[in-house]
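Heads up: the structure comes next, in C-alpha cells.
What follows draws every value from the coordinates through simple rules; no lab data is involved. Just so we're clear, the structure is a prediction, and the values are computed from it rather than from any experiment. Ideal geometry is used to build each Cβ from the backbone, glycine not excepted, and the neighbour counts take in all protein chains shown.
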C-alpha cells in the first residue's frame, strides 16, 4: 500500500530540507538526560535529518529511519548517524537495542498499535519516547498573521489530510506506548525570516502540495498580498515563532 506521507513529502524533499525549522536544543538535552544511557537513539520518521543532527550532540549513535527515499537523499551525512529506509512499524532494529525513540513532526502519520509494538520491541528497559512538533507559525505583524491564518484555516481546509488534526491537538488522543510526563510548555522555535524564507516554508506543507497536484497554487495570489504588506517589499527579516509542543514519557515493557 502506498505511503501517503512518503509520497507527499518526497515530492518536496529538497525544499523540506532547506526550509523546515529545527527544534530547541534544550529539549534534546532534557530528552537525553532521561534515557537509561546515551548509547543509541532512534529518530523515526527522520525526513531529511533535522532532528537527527541535533541528536548527535547527545547520543553516541543515531539510527534514523524514514519511509521516503527522496527525503533520505536530502539528509546530511554524519559519522554518528546511520540512515535506513524503513516504515515506522518495521524498523529492522535489533530488539532491546534503543535508549530513546524520538519522532519529530511525523508521528501523526503512523501512530497506532503497530508502531507502538515496534517501539516496545526495540526499546531497552527504561527507554524514553518523545513525540515533538510545533503549532502554527506566528508572525509579529498582526496584518501579515491574518493572511496566514486565512491560508491555514480557510484556503487550505479542503486540502489538509485528516491526520493534520492530531498536530492541531498537540498529538492528544493518539495512543502513547508508556507512562507520560508533563511536556515543557515554555519552549518556542524562533527564526528571523524574509518573505522568501516564509514562502519556501509554506511550500513544504502537505496541503499546499495536494492543492498544486490538483492544479491550484494557493501561494500564487498570497505571495503578492504578503509582499505588498511586508516591510521592504518582503526583504526585511521579521520574527517568526512556533509554539513547541509534544508528548513524552517512559516506554512500557
Linear extension gain, residue 30 paired with residue 150, 0.36 nm per residue minus alpha-carbon span | 39.6 nm
Can you give the three extents of the C-alpha atoms in the stretch 96-253 along their principal axes, from longest to shortest, in whole Å?
-> 56, 35, 23
In degrees rounded to 10, the 0-90 angle between helix 218-229 Cα long axis and the longest Cα principal axis of the chain is 60
Antiparallel bridges, percent of DSSP beta bridges restricted to the chain (to nearest 5) | 50
Using only the alpha carbons of the stretch 48-158, determine the length spanned along each of the three principal axes and report them from longest to shortest in whole angstroms.
-> 51, 32, 28
Percent breakdown of C-alpha pair distances by 10 Å bin, ordered from the shortest bin, for the stretch 115-176 | 17, 35, 26, 14, 8, 0
Which residue fluctuates the most in the chain, going by a Gaussian network model with Cα springs under 10 Å, if the choices are 82, 19, 150?
-> 150
Can you tell me the 0 to 90 degree angle between the C-alpha axis of helix 25-34 and the longest principal axis of the chain, rounded to 10?
-> 20
Any idea what % of Cα-Cα pairs in the stretch 17-100 are farther than 16 Å?
-> 49
Once both labels are modelled 7 Å past Cα along the beta-carbon direction, what's the residue 60-residue 216 spacing in nm?
-> 5.4
Kindly provide the helix-only [θ] at 222 nm of the chain, computed as the sum of -39,500 (n - 2.57) over DSSP H runs of four or more divided by all residues, to the nearest 500 deg cm²/dmol?
-> -9500 deg cm²/dmol
Expected max-MSF residue from 97, 77, 206 in the GNM of the chain (alpha carbon, under 10 Å) is 77
Rounded to the nearest 10 degrees, what's the angle between the helix 113-122 long axis and the longest principal axis of the chain, both from Cα atoms, 0 to 90?
-> 50
Calculate the radius of gyration of the Cα atoms of the stretch 209-253 to one decimal place, then report Dmax, the largest Cα-Cα distance, as a whole number, both in Å.
-> 18.6, 56
